[in-house]
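Since the structure comes first, as structure tokens, the remarks are kept for the end.
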Amino acid sequence: MKEGTPDDEWREDCAPRRVLEVFSTKWTSMILHVLHVRLDGAARTGVLQRSIPGISKKMLTQTLREMEGSGLRHVRGTIPPAVAYRLTPLGTRFVEPIELLYSWGRGNADALDALVSRPTSRRLSDRERVQTDKGREI
């Protein structure tokens with residue numbers, strides 16, 4: 001396959017797939033959003049956790065480590081000793097598409113509601129589906 005052909009978008013390392021990989025967990029995009037919009041770019045762990053309803057301390061720590069490994073955020077030590085998380089210049093470049101997506105979601109809540117016809121509490125988890133119908137999705 002030649003470089004620059006339409007088939008390039010189907011390769012495993014193509015840009016669209018890499019973007020989706022960055023945002024494959026809801027927590028990465030939420031942390032980027034909260035750090036940028038709500039916390040003026042930097043925050044300590046406790047502040048981040050209180051700012052993101054539903055995230056466990058374990059998941060927050062794991063996601064922050066993954067973000068650091070990929071260069072989206074860095075740790076800044078302070079005196080007295082404390083850890084503050086700040087977006088890197090690379091991390092701030094990922095904020096724009098997140099904000100566009102979040103804005104679209106706010107403006108199209110009716111479409112999201114139509115997509116999910118049953119209330120969240122009534123939807124079955126993947127595990128419940130398997131247990132309920134012996135492996136066949138219901």
For this session: Arrange the following residues from fewest to most other Cβ atoms within 10 Å of their Cβ: Ser29, Ser70.
Result: Ser70, Ser29
Exercise. Want the number for Ala109 to Glu21: 0.36 nm per residue separation, take away the alpha-carbon distance, what's left?
Worked result: 29.2 nm
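Read-outs throughout are calculated quantities, based only on the coordinates presented, and are distinct from any laboratory measurement. Predicted model only: the values in this text are computed from it and were never measured. Note that each Cβ is placed from the backbone with ideal geometry, even for glycine, and that neighbours are counted across all protein chains shown.
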